[in-house]
Amino acid sequence: MALTAVIRVPSRALLRPWARLRDAALGWIEPAGGGGVEVSAQRFASQKVLVEPDPAAGVAVMKFKNPPVNSLSLELLTELVISLEKLENDKTVRGVVLTSDCPGIFSAGLDLTEMCGRNPAHYAEYWKAVQEMWLRLYLSNLVLVAAINGASPAGGCLIALTCDYRVMADNPKYCIGLNETLLGIVAPFWFKDNLVNTIGHRASERALQLGLLFPPTEALQVGMVDKVVPKDQVQSTALSVLAQWMAIPDHARQLTKNMMRKPTADRLLKQRDADIQNFVSFISRDSIQKSLQMYLEKLKQKKG
Ligand SMILES: CCCCCC/C=C/CC(=O)SCCNC(=O)CCNC(=O)[C@H](O)C(C)(C)COP(=O)(O)OP(=O)(O)OC[C@H]1O[C@@H](n2cnc3c(N)ncnc32)[C@H](O)[C@@H]1OP(=O)(O)O
(Lines give C-alpha, C1' and ligand atoms only; values in the text may rest on other atoms or scores of the structure.)
Protein backbone atom coordinates (compact mmCIF):
# COMPACT_ATOMS: atom_id res chain seq x y z
CA MET A 1 0.00 0.00 0.00
CA ALA A 2 1.55 3.28 -1.09
CA LEU A 3 0.57 5.53 1.78
CA THR A 4 3.30 7.75 3.13
CA ALA A 5 1.58 10.19 5.48
CA VAL A 6 3.95 11.58 8.07
CA ILE A 7 2.57 11.85 11.58
CA ARG A 8 4.23 13.88 14.33
CA VAL A 9 4.09 11.90 17.55
CA PRO A 10 5.40 12.35 21.09
CA SER A 11 8.77 10.68 21.50
CA ARG A 12 7.72 9.12 24.83
CA ALA A 13 5.22 7.02 22.99
CA LEU A 14 7.87 5.41 20.79
CA LEU A 15 8.09 2.65 23.35
CA ARG A 16 4.50 1.65 22.53
CA PRO A 17 3.99 1.68 18.75
CA TRP A 18 0.39 0.53 18.91
CA ALA A 19 -0.65 3.18 21.44
CA ARG A 20 1.34 5.76 19.49
CA LEU A 21 -0.44 5.03 16.23
CA ARG A 22 -3.80 5.08 17.95
CA ASP A 23 -2.99 8.36 19.70
CA ALA A 24 -1.94 9.90 16.42
CA ALA A 25 -5.03 8.64 14.68
CA LEU A 26 -7.34 9.85 17.39
CA GLY A 27 -5.77 13.29 17.45
CA TRP A 28 -4.00 12.87 20.78
CA ILE A 29 -0.76 14.18 19.34
CA GLU A 30 1.61 16.87 20.44
CA PRO A 31 1.42 20.08 18.44
CA ALA A 32 4.10 20.55 15.77
CA GLY A 33 7.39 21.48 17.38
CA GLY A 34 6.34 19.82 20.61
CA GLY A 35 9.38 17.58 20.78
CA GLY A 36 7.93 14.70 18.83
CA VAL A 37 9.63 12.74 16.09
CA GLU A 38 8.40 12.16 12.60
CA VAL A 39 7.69 8.60 11.54
CA SER A 40 6.35 7.34 8.29
CA ALA A 41 3.00 5.61 8.80
CA GLN A 42 3.96 3.40 5.85
CA ARG A 43 6.16 1.42 8.24
CA PHE A 44 3.07 0.07 9.99
CA ALA A 45 1.34 -1.88 7.28
CA SER A 46 -2.37 -2.03 7.89
CA GLN A 47 -3.90 -5.50 7.99
CA LYS A 48 -7.57 -5.02 8.70
CA VAL A 49 -8.14 -2.10 6.33
CA LEU A 50 -6.80 -2.20 2.80
CA VAL A 51 -6.47 1.08 0.95
CA GLU A 52 -6.10 1.15 -2.81
CA PRO A 53 -5.37 4.72 -3.90
CA ASP A 54 -5.88 5.92 -7.48
CA PRO A 55 -4.17 9.34 -7.48
CA ALA A 56 -4.93 9.94 -11.17
CA ALA A 57 -8.65 9.75 -10.43
CA GLY A 58 -8.30 11.47 -7.04
CA VAL A 59 -9.99 8.56 -5.29
CA ALA A 60 -9.23 5.56 -3.10
CA VAL A 61 -11.02 2.34 -2.31
CA MET A 62 -10.97 1.34 1.35
CA LYS A 63 -11.71 -2.34 2.01
CA PHE A 64 -12.45 -3.84 5.41
CA LYS A 65 -10.64 -7.11 5.87
CA ASN A 66 -11.42 -8.72 9.20
CA PRO A 67 -12.64 -12.23 8.33
CA PRO A 68 -14.93 -13.98 8.71
CA VAL A 69 -17.53 -11.19 9.12
CA ASN A 70 -15.70 -7.84 9.37
CA SER A 71 -16.80 -7.35 12.95
CA LEU A 72 -15.67 -3.94 14.14
CA SER A 73 -12.96 -4.94 16.58
CA LEU A 74 -10.92 -2.29 18.40
CA GLU A 75 -8.08 -3.07 16.02
CA LEU A 76 -10.19 -2.60 12.90
CA LEU A 77 -11.74 0.62 14.23
CA THR A 78 -8.30 2.01 15.01
CA GLU A 79 -6.95 1.12 11.58
CA LEU A 80 -10.02 2.58 9.92
CA VAL A 81 -9.53 5.92 11.67
CA ILE A 82 -5.80 5.95 10.87
CA SER A 83 -6.45 5.12 7.21
CA LEU A 84 -9.13 7.79 6.92
CA GLU A 85 -6.90 10.38 8.52
CA LYS A 86 -4.12 9.57 6.06
CA LEU A 87 -6.51 9.94 3.15
CA GLU A 88 -7.89 13.23 4.54
CA ASN A 89 -4.32 14.54 4.64
CA ASP A 90 -3.48 13.29 1.14
CA LYS A 91 -4.04 16.19 -1.25
CA THR A 92 -4.36 13.78 -4.19
CA VAL A 93 -7.47 12.13 -2.73
CA ARG A 94 -10.94 13.77 -2.75
CA GLY A 95 -13.23 10.77 -2.54
CA VAL A 96 -13.29 7.28 -1.04
CA VAL A 97 -15.34 4.15 -1.67
CA LEU A 98 -15.85 2.08 1.50
CA THR A 99 -16.38 -1.59 0.86
CA SER A 100 -15.56 -5.08 2.11
CA ASP A 101 -12.94 -7.63 1.28
CA CYS A 102 -14.99 -10.41 2.97
CA PRO A 103 -17.30 -12.24 0.56
CA GLY A 104 -20.98 -11.67 1.28
CA ILE A 105 -20.46 -9.45 4.34
CA PHE A 106 -20.05 -5.68 4.39
CA SER A 107 -19.70 -5.70 8.18
CA ALA A 108 -21.38 -7.65 11.00
CA GLY A 109 -21.28 -4.50 13.11
CA LEU A 110 -19.67 -3.99 16.47
CA ASP A 111 -17.57 -6.87 17.67
CA LEU A 112 -19.67 -8.63 20.28
CA THR A 113 -16.55 -10.12 21.85
CA GLU A 114 -15.39 -6.56 22.67
CA MET A 115 -18.64 -6.02 24.57
CA CYS A 116 -18.87 -9.36 26.42
CA GLY A 117 -16.98 -10.57 29.47
CA ARG A 118 -14.52 -7.66 29.55
CA ASN A 119 -13.85 -5.04 32.22
CA PRO A 120 -15.26 -1.48 32.40
CA ALA A 121 -11.96 0.07 31.28
CA HIS A 122 -12.06 -2.04 28.12
CA TYR A 123 -15.69 -1.11 27.43
CA ALA A 124 -14.79 2.56 27.83
CA GLU A 125 -11.81 2.28 25.47
CA TYR A 126 -13.88 0.38 22.93
CA TRP A 127 -16.78 2.83 23.03
CA LYS A 128 -14.44 5.79 22.61
CA ALA A 129 -13.09 4.12 19.46
CA VAL A 130 -16.64 3.54 18.15
CA GLN A 131 -17.49 7.19 18.75
CA GLU A 132 -14.27 8.28 17.06
CA MET A 133 -14.95 6.16 14.00
CA TRP A 134 -18.44 7.64 13.65
CA LEU A 135 -17.34 11.24 14.17
CA ARG A 136 -14.47 10.94 11.68
CA LEU A 137 -16.60 9.33 9.01
CA TYR A 138 -19.68 11.47 9.57
CA LEU A 139 -17.72 14.74 9.43
CA SER A 140 -15.25 13.68 6.74
CA ASN A 141 -14.36 16.34 4.18
CA LEU A 142 -13.96 13.60 1.60
CA VAL A 143 -16.83 12.35 -0.52
CA LEU A 144 -17.62 8.92 0.94
CA VAL A 145 -19.60 6.32 -0.99
CA ALA A 146 -20.49 2.96 0.56
CA ALA A 147 -20.32 -0.02 -1.77
CA ILE A 148 -22.37 -2.45 0.30
CA ASN A 149 -21.38 -5.82 -1.09
CA GLY A 150 -22.88 -7.96 1.66
CA ALA A 151 -24.82 -8.12 4.92
CA SER A 152 -24.69 -4.90 6.88
CA PRO A 153 -26.38 -5.12 10.29
CA ALA A 154 -26.09 -2.62 13.16
CA GLY A 155 -22.61 -1.04 13.25
CA GLY A 156 -22.13 -2.11 9.61
CA CYS A 157 -25.26 -0.17 8.72
CA LEU A 158 -23.98 2.78 10.77
CA ILE A 159 -20.79 2.96 8.69
CA ALA A 160 -22.87 2.98 5.51
CA LEU A 161 -25.13 5.69 6.98
CA THR A 162 -22.16 8.00 7.55
CA CYS A 163 -21.44 7.99 3.82
CA ASP A 164 -22.76 10.55 1.34
CA TYR A 165 -24.25 7.85 -0.89
CA ARG A 166 -24.95 4.12 -0.61
CA VAL A 167 -24.86 1.52 -3.39
CA MET A 168 -26.00 -2.00 -2.41
CA ALA A 169 -25.72 -5.37 -4.11
CA ASP A 170 -29.09 -6.79 -5.19
CA ASN A 171 -28.77 -10.14 -3.37
CA PRO A 172 -31.93 -10.53 -1.20
CA LYS A 173 -29.85 -12.41 1.39
CA TYR A 174 -27.90 -9.21 2.13
CA CYS A 175 -29.78 -7.22 4.75
CA ILE A 176 -29.09 -3.80 6.21
CA GLY A 177 -30.47 -2.05 9.27
CA LEU A 178 -30.05 -1.11 12.91
CA ASN A 179 -31.17 -4.36 14.56
CA GLU A 180 -29.96 -3.57 18.10
CA THR A 181 -33.32 -4.26 19.77
CA LEU A 182 -33.17 -7.86 18.52
CA LEU A 183 -30.07 -8.27 20.69
CA GLY A 184 -31.84 -6.72 23.70
CA ILE A 185 -29.76 -3.55 23.41
CA VAL A 186 -30.62 0.00 22.42
CA ALA A 187 -29.13 1.97 19.55
CA PRO A 188 -27.41 5.06 21.00
CA PHE A 189 -28.95 8.48 20.23
CA TRP A 190 -26.31 9.29 17.62
CA PHE A 191 -26.99 6.04 15.70
CA LYS A 192 -30.67 7.09 15.81
CA ASP A 193 -29.91 10.67 14.74
CA ASN A 194 -27.88 9.43 11.76
CA LEU A 195 -30.75 7.15 10.73
CA VAL A 196 -33.41 9.86 11.17
CA ASN A 197 -31.31 12.23 9.03
CA THR A 198 -31.25 9.56 6.33
CA ILE A 199 -34.73 8.01 6.25
CA GLY A 200 -36.87 10.36 8.35
CA HIS A 201 -38.49 10.13 11.77
CA ARG A 202 -41.43 7.77 11.26
CA ALA A 203 -39.50 5.21 9.21
CA SER A 204 -36.69 5.33 11.81
CA GLU A 205 -39.07 4.84 14.70
CA ARG A 206 -40.48 1.71 13.09
CA ALA A 207 -37.11 0.40 11.95
CA LEU A 208 -35.43 0.96 15.31
CA GLN A 209 -38.18 -0.42 17.54
CA LEU A 210 -38.60 -3.54 15.43
CA GLY A 211 -34.86 -3.91 14.75
CA LEU A 212 -35.67 -4.22 11.06
CA LEU A 213 -33.09 -5.66 8.68
CA PHE A 214 -34.06 -4.63 5.16
CA PRO A 215 -33.24 -6.63 2.05
CA PRO A 216 -31.89 -4.40 -0.77
CA THR A 217 -35.17 -3.55 -2.53
CA GLU A 218 -36.85 -2.60 0.75
CA ALA A 219 -33.77 -0.66 1.84
CA LEU A 220 -34.05 1.29 -1.41
CA GLN A 221 -37.76 1.96 -0.86
CA VAL A 222 -37.24 3.27 2.65
CA GLY A 223 -34.23 5.39 1.55
CA MET A 224 -31.63 3.52 3.56
CA VAL A 225 -29.65 2.97 0.35
CA ASP A 226 -29.64 5.10 -2.80
CA LYS A 227 -29.07 2.51 -5.51
CA VAL A 228 -29.29 -1.28 -5.87
CA VAL A 229 -27.21 -2.94 -8.58
CA PRO A 230 -25.96 -6.43 -9.42
CA LYS A 231 -23.17 -7.54 -7.12
CA ASP A 232 -20.43 -7.32 -9.75
CA GLN A 233 -21.33 -3.68 -10.44
CA VAL A 234 -21.35 -2.39 -6.87
CA GLN A 235 -17.82 -1.02 -6.82
CA SER A 236 -17.86 0.38 -10.36
CA THR A 237 -21.20 2.10 -9.69
CA ALA A 238 -19.84 3.53 -6.45
CA LEU A 239 -16.84 4.91 -8.34
CA SER A 240 -19.12 6.50 -10.98
CA VAL A 241 -21.22 8.13 -8.25
CA LEU A 242 -18.02 9.36 -6.61
CA ALA A 243 -16.98 11.01 -9.88
CA GLN A 244 -20.36 12.82 -10.09
CA TRP A 245 -20.05 14.15 -6.54
CA MET A 246 -16.44 15.17 -7.17
CA ALA A 247 -17.56 17.37 -10.07
CA ILE A 248 -18.83 19.82 -7.43
CA PRO A 249 -16.21 22.30 -6.14
CA ASP A 250 -14.81 20.86 -2.90
CA HIS A 251 -15.11 23.97 -0.73
CA ALA A 252 -18.81 24.51 -1.54
CA ARG A 253 -19.67 20.84 -1.10
CA GLN A 254 -17.66 20.49 2.11
CA LEU A 255 -19.18 23.59 3.72
CA THR A 256 -22.64 22.36 2.77
CA LYS A 257 -21.96 18.90 4.18
CA ASN A 258 -20.66 20.43 7.39
CA MET A 259 -23.67 22.72 7.67
CA MET A 260 -26.00 19.71 7.33
CA ARG A 261 -24.11 17.40 9.69
CA LYS A 262 -22.39 19.47 12.35
CA PRO A 263 -25.42 19.94 14.62
CA THR A 264 -25.87 16.14 14.76
CA ALA A 265 -22.19 15.50 15.46
CA ASP A 266 -22.12 18.30 18.06
CA ARG A 267 -24.79 16.51 20.10
CA LEU A 268 -22.33 13.67 20.67
CA LEU A 269 -19.27 15.92 20.95
CA LYS A 270 -20.92 17.84 23.78
CA GLN A 271 -21.52 14.68 25.83
CA ARG A 272 -18.88 12.18 24.79
CA ASP A 273 -17.80 11.30 28.30
CA ALA A 274 -21.37 10.93 29.53
CA ASP A 275 -22.11 8.74 26.52
CA ILE A 276 -19.13 6.53 27.39
CA GLN A 277 -20.24 6.25 31.02
CA ASN A 278 -23.76 5.42 29.89
CA PHE A 279 -22.45 2.69 27.57
CA VAL A 280 -20.18 1.21 30.25
CA SER A 281 -22.90 1.01 32.87
CA PHE A 282 -25.45 -0.35 30.37
CA ILE A 283 -23.19 -3.00 28.87
CA SER A 284 -21.87 -4.08 32.29
CA ARG A 285 -25.35 -5.03 33.52
CA ASP A 286 -25.72 -8.74 34.16
CA SER A 287 -28.93 -8.87 32.14
CA ILE A 288 -27.28 -7.23 29.10
CA GLN A 289 -24.23 -9.47 29.35
CA LYS A 290 -26.54 -12.50 29.43
CA SER A 291 -28.46 -11.29 26.37
CA LEU A 292 -25.26 -10.74 24.41
CA GLN A 293 -23.82 -14.11 25.45
CA MET A 294 -27.03 -15.84 24.37
CA TYR A 295 -27.01 -14.00 21.05
CA LEU A 296 -23.38 -15.03 20.41
CA GLU A 297 -24.22 -18.63 21.33
CA LYS A 298 -27.14 -18.55 18.89
CA LEU A 299 -24.82 -17.35 16.12
CA LYS A 300 -22.40 -20.16 16.85
CA GLN A 301 -25.11 -22.85 17.09
CA LYS A 302 -26.55 -21.77 13.73
CA LYS A 303 -23.67 -23.67 12.12
CA GLY A 304 -24.01 -26.94 13.98
C1 LIG B 1 -26.37 2.74 25.71
C2 LIG B 1 -25.84 1.43 25.28
C3 LIG B 1 -25.82 1.26 23.83
C4 LIG B 1 -25.30 -0.07 23.38
C5 LIG B 1 -25.30 -0.10 21.90
C6 LIG B 1 -24.43 -1.14 21.33
C7 LIG B 1 -24.52 -1.10 19.86
C8 LIG B 1 -24.25 -2.15 19.14
C9 LIG B 1 -24.31 -2.16 17.68
C10 LIG B 1 -23.81 -3.43 17.04
O11 LIG B 1 -23.24 -3.37 15.99
S12 LIG B 1 -24.03 -4.90 17.88
C13 LIG B 1 -23.62 -6.17 16.71
C14 LIG B 1 -24.81 -6.50 15.91
N15 LIG B 1 -24.49 -7.44 14.87
C16 LIG B 1 -25.30 -8.42 14.51
O17 LIG B 1 -26.36 -8.60 15.04
C18 LIG B 1 -24.81 -9.32 13.43
C19 LIG B 1 -24.55 -10.69 13.95
N20 LIG B 1 -24.05 -11.57 12.90
C21 LIG B 1 -24.82 -12.08 11.93
O22 LIG B 1 -26.01 -11.85 11.82
C23 LIG B 1 -24.15 -13.01 10.97
O24 LIG B 1 -22.93 -13.40 11.54
C25 LIG B 1 -23.89 -12.39 9.59
C26 LIG B 1 -23.16 -11.06 9.69
C27 LIG B 1 -25.22 -12.21 8.84
C28 LIG B 1 -22.99 -13.38 8.78
O29 LIG B 1 -23.59 -14.65 8.76
P30 LIG B 1 -22.70 -15.92 8.37
O31 LIG B 1 -23.63 -17.08 8.37
O32 LIG B 1 -21.92 -15.65 7.16
O33 LIG B 1 -21.62 -16.03 9.55
P34 LIG B 1 -21.84 -16.62 11.02
O35 LIG B 1 -21.66 -18.10 10.98
O36 LIG B 1 -23.10 -16.10 11.62
O37 LIG B 1 -20.64 -15.94 11.83
C38 LIG B 1 -19.29 -16.35 11.62
C39 LIG B 1 -18.54 -16.13 12.92
O40 LIG B 1 -18.53 -14.75 13.21
C41 LIG B 1 -19.07 -14.53 14.52
N42 LIG B 1 -19.76 -13.23 14.54
C43 LIG B 1 -20.80 -12.85 13.78
N44 LIG B 1 -21.14 -11.60 14.04
C45 LIG B 1 -20.30 -11.15 15.00
C46 LIG B 1 -20.16 -9.90 15.69
N47 LIG B 1 -20.96 -8.85 15.46
N48 LIG B 1 -19.20 -9.82 16.61
C49 LIG B 1 -18.38 -10.86 16.88
N50 LIG B 1 -18.46 -12.06 16.25
C51 LIG B 1 -19.42 -12.20 15.32
C52 LIG B 1 -20.00 -15.69 14.73
O53 LIG B 1 -20.23 -15.90 16.10
C54 LIG B 1 -19.22 -16.81 14.10
O55 LIG B 1 -18.19 -17.17 15.02
P56 LIG B 1 -17.63 -18.69 15.09
O57 LIG B 1 -16.67 -18.67 16.23
O58 LIG B 1 -16.98 -18.92 13.76
O59 LIG B 1 -18.83 -19.58 15.33
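The values are calculated or read from the model by the stated rules, or taken from the named source; none is laboratory data. Quick caveat: nothing in here was measured; it's all calculated off a predicted structure. Just so you know, the surface numbers come from the protein's heavy atoms only, side chains and all, with ligands and any DNA or RNA stripped out. Shrake-Rupley method; radii C 1.70, N 1.55, O 1.52, S 1.80 Å.
Enter the Cα centre distance for the pair region 68-140 and region 187-247, rounded to the nearest angstrom. For region 68-140 versus region 187-247, the Cα centre distance is 18 Å. Cross-link partners for Lys300 among the lysines, with Cα-Cα distance under 17 Å and sequence neighbours closer than 8 places in the same chain left out: Lys290.
For the pairs Lys173/Lys231; Lys128/Lys270; Lys91/Lys227; Lys192/Lys262; Lys63/Lys231; Lys63/Lys192, flag any whose C-alpha to C-alpha distance is greater than 18 Å.
Working: Lys173/Lys231 12 Å; Lys128/Lys270 14 Å; Lys91/Lys227 29 Å; Lys192/Lys262 15 Å; Lys63/Lys231 16 Å; Lys63/Lys192 25 Å.
Result: Lys91/Lys227; Lys63/Lys192 exceed 18 Å.
Normalised by residue number, the volume inside the convex hull of the Cα atoms of region 86-159 is 100 Å³ per residue.
Here region 184-304 has an Rg and Dmax of 18.8, 54 Å, counting Cα atoms alone.
Protein heavy-atom accessible surface, 1.4 Å probe, per residue over region 211-304: 64 Å².
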